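Participant: One structure follows; several queries about it will come next.
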Amino acid sequence: MDVNEISEGIFEVRKGGKMILATKNANPGSSVYGENLLEAEGEEYRAWDARRSKLAAMVIKKMKVPIKSDSRVLYLGAASGTTVSHVSDMLPNGIVYAVEFSPRTMRELIQLCDTRSNIVPILADASRPKLYAHIVEQVDVIFQDVAQPNQAQIAAVNAEQFLKEDGHLLLSIKARSIDTVANPSKVFKEEVNKLEKDFDTQFKVIKKHDLAPFHEDHLGLVAKKKLKEN
Amino acid sequence: MKIITWYGILTIGDDGVSECEPFNKDVDELAELLLQKDVVAYSPGSGFDIRAVAIECGFVENDEEYNSLLRDVSIRAAKLQISRTNTPDMQIIQAVEALDDIDDVVNVLSERLSEWYGLHFPELGLSSEPLSRFVSEFGSRNNVPAEHPMFEKATSSMGSELPSADEALIRTFASNACELYDSRHSIEASIVRNMEQMAPNVTLIAGSLIGARLISMTGGLARLSQLPSSTVQVMGANRALFKHLRGRAPSPKHGIIFNNPLIKNSPWWQRGKIARALAAKISLAARMDVYSGELHPEIKVNLEKKVNSIKAANPKPPVKQKPAGKGYKGKNKGGER
């Protein structure tokens, strides 16, 4: 078999003797950031490099990505849109809200948005969800890759505002941006602890995995909102 | 309770949305409204589903229309935001960076030219810009006309002959360097022009190039105006500052504002005091530029008064004492400012 769907919208495509991670190109014929285009079974796929995308690394680490074809996704830390483009591929009937703080990288992200029908770009600070609460609806998935020292808090305030009760949080924690000298595994433990206890919105971690060798000192994490006890 | 969403203003009663005033369904108008300032004060509460209400109150027919309209509006708004962040000081920052880049490149080129042309005419004694101009004008030393001051040296040079193929190469190389010098001059002129227009007070006090460099280092005139003047005073003396903070050196007296003639042309024992006065006035000037934009010549007069009083109060170098700082052993001669 040349194409194998490993999760909704995420494929493995045979090229040479290898299976390569890919998503179905929503804008056939064009490559977003220089990635390879693969033809298989009459469809065009875009190769998805785990070294360039934390979400791809999470997929390769066998973490279940809860994104469906009609999901509504809030993507915090969209940068120039490398991963966002693949999320956009996965959502033929969904929508992704891409939040990015830097006008410089937003310039590139907008060029991607122009070629896709399901990306909503938002130039704002992800730590202040009230700044875009008038734009973003209730979402099924929050994916966060912001590399900020207070990333647990950013996840919590955004989940409080936007995440549906049964929604998922996908998080990439970069140990080096929280404490440059501490032992990463200690940092991870503390961050997980924070997510579980520190804020108004608390999470239950479903799965976590180190993203090495694709991303050193990064932890990938899937969590759900802990239901509030009344 | 009132809520602002991207598509309209909602009034929330006890049992859900009681009233919905949608905005005009026009992408440009919606994009402008998306960027209004009071969204934070009237933002929807957590868990509020703005999509469902948009369909309920008839702003859009269905999910598809909601998605595509919101997408168009957001893209338009983001583009607006980006074009608004491109302020005149961005232009200045890029120009200052370009100046530095050209300096780097042109130094390398002129060094190469000096070595290369030195094979042929070692007595010339020119360097950098004059050298490039000379080579691109004449090429071989045999072309130097009799009335040129270098004529004598050219005719009696000990350098080797320059074959015509090589002459063409070296001449092109030199004229490339000349073009970079030209570009440097015009960038500098444009910085001077822009600074006078955008930051007249800073230009008056610090000079246009130092002012532009300060703006470039801080990332904008508005940010410069928010800095304490003690920071302005030592900005650009990073190495010396951190050395000081680690306790291994006295505090730096001046950063890039050293290049201002007021400091540069003063004797060393007055420089620290003058730098402090100058930095204070630069901060003041930056604030005037940001908040009023009008020229206030009196700050220059005040600065001069202050500098004169410093000079009058400290006419002679102080008798040097051994500093008492911990771990600090004497002045580091030739060290950083």
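Participant: Give region A:46-61 a look and list any residue that's in contact (Cβ under 8 Å) with a residue 40 or more places away in the chain and not in a strand (DSSP E or B), or say none. Give the derivation first.
Facilitator: Looking only at region A:46-61, we keep the residues that are in contact (Cβ under 8 Å) with a residue 40 or more places away in the chain, and these are A:46, A:50-51, A:54-61.
Within region A:46-61, A:ALA50, A:ARG51, A:LYS54, A:LEU55, A:ALA56, A:ALA57, A:MET58, A:VAL59, A:ILE60, A:LYS61 qualify.
Participant: Can you tell me which of (1) surrounded by 15 or more Cβ atoms within 10 Å (Cβ to Cβ); (2) away from chain A (no Cβ under 11 Å); (3) charged (D, E, K, R) is the one B:ASP28 doesn't meet?
Facilitator: Just one mismatch for B:ASP28, condition (1).
Participant: Identify, from the list B:ASP104, B:ASP166, the residue that is closer than 30 Å to B:MET195 by Cβ, assigned to a helix (DSSP H, G or I), more than 14 Å from chain A (Cβ to nearest Cβ) and without any contact (Cβ under 8 Å) to a residue 12 or more places away in the chain.
Facilitator: Details: B:ASP166 fails: closer than 30 Å to B:MET195 by Cβ.
B:ASP104 is the lone residue from the list that is closer than 30 Å to B:MET195 by Cβ, assigned to a helix (DSSP H, G or I), more than 14 Å from chain A (Cβ to nearest Cβ) and without any contact (Cβ under 8 Å) to a residue 12 or more places away in the chain.
Participant: If you check B:SER110 against the conditions, is it crowded, with 19+ Cβ neighbours inside 10 Å, in contact with an Asp or Glu (Cβ under 8 Å, 6 or more places away or on another chain) and outside any loop (DSSP other than H, G, I, E, B)?
Facilitator: It is true that B:SER110 is crowded, with 19+ Cβ neighbours inside 10 Å, in contact with an Asp or Glu (Cβ under 8 Å, 6 or more places away or on another chain) and outside any loop (DSSP other than H, G, I, E, B).
Participant: With the checklist (1) over 14 Å from A:GLN138 (Cα atoms); (2) in contact with a helix residue (DSSP H, G or I) (Cβ under 6 Å, 6 or more places away or on another chain) in hand, flag the one item B:VAL39 doesn't pass.
Facilitator: With (1) over 14 Å from A:GLN138 (Cα atoms); (2) in contact with a helix residue (DSSP H, G or I) (Cβ under 6 Å, 6 or more places away or on another chain) applied to B:VAL39, the lone miss is (2).
Participant: Let me ask you something else. Kindly check whether there is at least one residue in region B:216-227 that is touching a Lys or Arg at 6+ places or on another chain (Cβ under 6 Å) and either within 27 Å of B:GLN321 (Cβ to Cβ) or free of Cβ contacts under 8 Å to residues at least 12 places away in the same chain (or both).
Facilitator: No.
Participant: Take the residues in region B:72-88 that are under 14 Å from B:GLN36 (Cα atoms) and either touching a Gly at 6+ places or on another chain (Cβ under 6 Å) or facing chain A (nearest Cβ under 7 Å) (or both); name whichever of them is modelled with the lowest pLDDT.
Facilitator: By that ranking, first place goes to B:GLN81.
Participant: Among the candidates A:GLY81, A:GLY94, which residue alone is in contact (Cβ under 8 Å) with a residue 24 or more places away in the chain, within 14 Å of chain B (Cβ to nearest Cβ), at positive phi and touching an Asp or Glu at 6+ places or on another chain (Cβ under 7 Å)?
Facilitator: After applying the criteria, what remains is A:GLY81.
Participant: Just wondering, is there one or more residues in region A:137-149 that are among the aromatic types (Phe, Trp, Tyr) and within 14 Å of chain B (Cβ to nearest Cβ)?
Facilitator: Taking every residue of region A:137-149 in turn, none turns out to be among the aromatic types (Phe, Trp, Tyr) and within 14 Å of chain B (Cβ to nearest Cβ).
Participant: Another one. Looking at (1) more than 8 Å from chain A (Cβ to nearest Cβ); (2) assigned to a helix (DSSP H, G or I); (3) surrounded by 13 or more Cβ atoms within 10 Å (Cβ to Cβ), which is the only condition B:ARG51 fails?
Facilitator: All conditions pass for B:ARG51, except number (1).
Participant: A further question follows. State yes or no: is B:LEU30 touching a Lys or Arg at 6+ places or on another chain (Cβ under 9 Å), in contact (Cβ under 8 Å) with a residue 40 or more places away in the chain and closer than 14 Å to B:ALA54 by Cβ?
Facilitator: Spelling it out, B:LEU30 is indeed touching a Lys or Arg at 6+ places or on another chain (Cβ under 9 Å), in contact (Cβ under 8 Å) with a residue 40 or more places away in the chain and closer than 14 Å to B:ALA54 by Cβ.
Participant: If you don't mind, another one. Counting just the residues of region A:10-45 that are part of a strand (DSSP E or B) and touching a helix residue (DSSP H, G or I) at 6+ places or on another chain (Cβ under 7 Å), which one comes out nearest to A:GLY81 (Cα to Cα)?
Facilitator: Of the residues in region A:10-45, the ones part of a strand (DSSP E or B) are A:10-15, A:18-24, A:37-40, A:43-45.
Within this subset, residues satisfying the condition of being touching a helix residue (DSSP H, G or I) at 6+ places or on another chain (Cβ under 7 Å) are A:10, A:21, A:23-24.
Details: A:ILE10: 17, A:LEU21: 18, A:THR23: 15, A:LYS24: 16 Å.
Out of the qualifying residues, it is A:THR23.
Table: residues versus (1) free of Cβ contacts under 8 Å to residues at least 24 places away in the same chain; (2) touching a Pro at 6+ places or on another chain (Cβ under 9 Å).
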position	(1), (2)
A:VAL3	no, no
A:ILE10	no, no
A:VAL13	no, no
A:GLY17	yes, no
A:ALA26	no, yes
A:GLU44	yes, yes
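Participant: Quick one: how many residues across region A:68-83 are in contact with a helix residue (DSSP H, G or I) (Cβ under 7 Å, 6 or more places away or on another chain) and either under 15 Å from A:LEU21 (Cβ atoms) or hydrophobic (A, V, I, L, M, F, W, C) (or both)?
Facilitator: Of the residues in that region, 6 qualify.
Participant: Now, a different point. Pick from region A:154-207 the residues that are acidic (Asp, Glu) and within 14 Å of another protein chain (Cβ to nearest Cβ): which of them is farthest from the chain's Cα centre (by Cα)? Please lay out each step first, then the result.
Facilitator: First, the residues of region A:154-207 that are acidic (Asp, Glu): A:160, A:165-166, A:179, A:190-191, A:196, A:198, A:200.
Next cut, within 14 Å of another protein chain (Cβ to nearest Cβ) only: A:160, A:165-166, A:200.
Values: A:GLU160: 18, A:GLU165: 19, A:ASP166: 17, A:ASP200: 23 Å.
Selected residue: A:ASP200.
Participant: For residues that are at the interface with another protein chain (Cβ under 8 Å from one of its Cβ atoms) and not hydrophobic (A, V, I, L, M, F, W, C), tally how many sit in region A:100-127.
Facilitator: Total satisfying the criteria: 6.
Participant: What's the total number of residues in region B:31-48 that are surrounded by fewer than 17 Cβ atoms within 10 Å (Cβ to Cβ) and facing chain A (nearest Cβ under 8 Å)?
Facilitator: So the count comes out to 2.
The values are calculated or read from the model by the stated rules, or taken from the named source; none is laboratory data. Just so it is clear, the model here is predicted, and its values are computed rather than measured. In this analysis, Cβ positions are derived from the backbone assuming ideal geometry, glycine residues included, and neighbour counts consider all displayed protein chains.
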